[in-house]
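*Asks:* Sharing a structure below in structure tokens format, with a few things to ask.
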Amino acid sequence: MSITANSMIIFIILSHRALHSPMYLLICVMAFVDLVIPIFFVPNMLFNLLFNWNHISLMGCLVQMFCIHFFASVQTTILLWMALDRFYAICTPLHYNEHMRISAFLKFVIIPMLRNAVFISAIVGLARSLSYCQSNEIKHCFCEHMALVTLACGPIYVNSVVGLCGVFFISTADILLIALSYVRIFVSLFKSGKSSQKAFSTCITHIIVNLSFYLVGSITFLSHNISIDIATDINIFLGIGILYIIFPDTVNPII
């Protein structure tokens, strides 16, 4: 369902020139990311379930970790770009084209992408430097950062701090900016006294997409980083591929 729906979204937007506006192109990029992320772990997960092929090398694990965490960070950044697009379109409509032209918009692209790459590279690099001498069994269907580093036989304080910093400066920062954008949008709509059904419906669908991504993903973060006791089976079902990745990737194009 995810492959079919996201492929249709990409094909429709790219094949119709009338849809080559900033918002539709952002939706196209989101569909591409939703299409790519499951490729990094779903085939391996299916082989594990069907044939009990549940082995992966340390280097393969680190590569998988980088790809999944990096593209997940790109998802949060795309949601931020969408919120900024709606903010400029609704709150400053006369200056929308000025704000969203390529030269001006690049600053919203390059800086967040560099931030994502630096933090994810640091997280994976520090995980690579650890010595692993405990159990080699990860209770996940992909190589999640804290699930891997907890298998190390040395101190992992630095890894935990850098991981928390990554969460704060990527996900938390994007969430705060997204929330601020939508607050400003709704305040502007209420102050104008106009009932814009199109503006409200667009923002509501974006908020639903945000909730489907952030609420479920927070379960894994809390369980691993703040030591909240959640049963392993429930944590694996909610916190990783089943709902955190596969569910949003499937429902986003429908929304």
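*Asks:* What residue, among those in segment 89-98 that are in contact (Cβ under 8 Å) with a residue 24 or more places away in the chain and surrounded by fewer than 22 Cβ atoms within 10 Å (Cβ to Cβ), is farthest from the chain's Cα centre (by Cα)?
*Replies:* Among them, the one singled out is Cys91.
*Asks:* So, in segment 99-118, of the ones that are surrounded by 11 or more Cβ atoms within 10 Å (Cβ to Cβ) and either among the charged types (D, E, K, R) or not in a helix (DSSP H, G or I) (or both), which residue ends up nearest to the chain's Cα centre (by Cα)?
*Replies:* Among them, the one singled out is Arg115.
*Asks:* Residues that are touching a helix residue (DSSP H, G or I) at 6+ places or on another chain (Cβ under 8 Å), in a helix (DSSP H, G or I), over 30 Å from Tyr132 (Cβ atoms) and β-branched (Val, Ile, Thr): does segment 71-86 have at least one?
*Replies:* Yes: one or more hits.
*Asks:* Also, quick follow-up: So, in segment 33-55, exactly how many residues are of a type in the set (A, V, I, L, M, F, W, C) and surrounded by fewer than 17 Cβ atoms within 10 Å (Cβ to Cβ)?
*Replies:* Qualifying residue count for the region: 8.
*Asks:* Within segment 108-127, does at least one residue satisfy the condition of being touching an Asp or Glu at 6+ places or on another chain (Cβ under 9 Å) and modelled with pLDDT of 85 or more?
*Replies:* Yes: one or more hits.
*Asks:* Just checking, which of Leu130, Leu126, Leu94, Leu148 is over 28 Å from Ala31 (Cβ atoms) and not in a helix (DSSP H, G or I)?
*Replies:* Every option except Leu130 fails the conditions.
*Asks:* Go through (1) more than 17 Å from the chain's Cα centre (by Cα); (2) at pLDDT below 85 for Tyr157 and report which single condition fails.
*Replies:* (2)
*Asks:* Now for a separate question. Counting only residues that are of a type in the set (Gly, Ala, Ser) and either under 18 Å from Leu126 (Cβ atoms) or modelled with pLDDT under 90 (or both), which one in segment 165-186 is farthest from the chain's Cα centre (by Cα)?
*Replies:* Here the answer is Gly166.
*Asks:* Restricting attention to segment 1-20, which residues are under 22 Å from Phe105 (Cβ atoms) and surrounded by 13 or more Cβ atoms within 10 Å (Cβ to Cβ)?
*Replies:* Result: Ile9, Ile10, Ile13, Leu14, Leu19.
*Asks:* Within segment 43-88, work out how many residues are touching a residue at least 40 places away in the same chain (Cβ under 8 Å) and of a type in the set (Phe, Trp, Tyr).
*Replies:* Number of matching residues: 4.
*Asks:* To continue, here is another question. Enumerate the pairs (first residue in segment 202-224 and more than 13 Å from Ile178 (Cβ to Cβ) and hydroxyl-bearing (Ser, Thr, Tyr); second residue anywhere and at pLDDT below 65 and in a helix (DSSP H, G or I)) with beta-carbon separation below 8 Å, excluding pairs fewer than 6 apart on the same chain, so at least 6 apart or on different chains.
*Replies:* Listed by first residue and then by second, the contacts come to Thr220/Asn235; Thr220/Leu238; Thr220/Gly239; Ser223/Asn235; Ser223/Gly239.
The values are calculated or read from the model by the stated rules, or taken from the named source; none is laboratory data. Small disclaimer: the values here were computed from a predicted structure and weren't measured. Here Cβ is always computed from backbone atoms with ideal geometry, including for glycine, and neighbour counts include all displayed protein chains.
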